[in-house]
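**Q** Let me begin by handing over the structure; questions about it come next.
Values in this text are rule-based calculations from the coordinates and carry no lab data. All values reported here derive from a predicted model rather than from experimental measurement. Cβ: placed from backbone, ideal geometry, glycine included. Neighbour counts: every protein chain shown.
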Amino acid sequence: MFPEYRTLISKLKQEDAHFSKVFDEHNAIDHEIIRLEQSPVTSGLEEIETLKRQKLKLKDELYVMLKRADQA
């Protein structure tokens, strides 16, 4: 995710608690989506779609924080 900001992501994860929390939450949701998609008996596509929407919202939030930090 955002390879062009790899260095900035590492920096913000160490220096910005909110960024780190959102980043970790995004990754946790990503892992949960993968787990559900690989499970032979998933709890339903609706749950996966809900998680994907949450993940996208977090990704958008991360992008805004990255752009703001990059311009500072």
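**Q** Find out how many positive minus negative residues lie around residue 12, taking Lys and Arg as positive, Asp and Glu as negative, among other residues whose Cβ is under 15 Å from that of residue 12. Can you show the working numbers first?
**A** Numbers: positive: 6, 11, 13, 21, 59, 67, 68; negative: 4, 15, 16, 24, 25, 61, 70.
Here the count lands on 0.
**Q** Between the helical axis of 17-38 and the dominant principal axis of the chain, each derived from Cα atoms, what acute angle in degrees is found, rounded to the nearest 10?
**A** Relative to the chain, helix 17-38 is tipped by roughly 20 degrees.
**Q** Another question, if that's okay. What is the projected area of the convex hull of the Cα atoms of the chain, averaged over all directions, in nm²?
**A** 5.0
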